[in-house]
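S.K.: I have a structure here, written as structure tokens, and I will follow up with some questions on it.
Here, each number is a calculation from the coordinates, and none is a lab measurement. What you see is a predicted model; the values in this text were computed from it and never measured. For neighbour counting, all protein chains shown are included, and Cβ atoms are generated from backbone atoms with ideal geometry for every residue, glycine included.
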Amino acid sequence: MLRIKKNDIVKVLAGKDKGKTGKVITVIADKNRVIVQGINFNKKHAKKRRQDQQGGIIQKEGPLDMSNVAVMCKKCNLATKIGVDILQDGSKIRFCKKCKETIE
């Protein structure tokens, strides 16, 4: 089970955007990377392909390694490690290791 999922609020722990928080847009599980909204912008030079399309420099979010982000707990409002617990019915839940609150 992945510790970080889509729509989680995460805090960046390392890199040029250290300390910033954002929402996870995409999780690339096989490469162990995440794309966070508003974090790690890359610039790409795009050529005009059609009449209605605009050329120029395009900014978009680039992937970050999962080890460089931590999930923000809503209850204690801190970046925290995530634990996984197995319930009686066999389903798994994620929880904050600091305050033991479940994370949806």
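S.K.: Just tell me which lysines come within less than 23 Å, Cα to Cα, of residue 74; anything on the same chain fewer than 8 places away is out.
M.R.: 5, 6, 11, 18, 20, 23, 92, 97, 98, 100
S.K.: With a 10 Å Cβ neighbour count serving as the proxy for reagent exposure, in which order, fewest first, do 61, 101 appear?
M.R.: If I rank by nearby Cβ atoms, fewest first, I get 101, 61.
S.K.: Normalised by the number of residues in the chain, what is the relative contact order in percent for Cα pairs under 8 Å and 6+ residues apart?
M.R.: Values: 196 pairs, mean separation 22.2, N = 104.
Relative contact order for the chain comes out at 21 percent.
S.K.: If I model a spin label at residue 91 and residue 48 as a point 7 Å from the Cα along the Cα→Cβ vector, what separation in nanometres do I get?
M.R.: 5.4 nm
S.K.: Now for a different question. Classify the range 49-104: rounded, prolate or oblate, from the alpha-carbon gyration tensor (a ≥ b ≥ c, eigenvalue square roots; a/c under 1.5 rounded; otherwise prolate if a/b is larger than b/c)?
M.R.: Values: a/c = 3.86, a/b = 2.57, b/c = 1.50.
Taking the square roots of the gyration eigenvalues as a ≥ b ≥ c, the range 49-104 is prolate.
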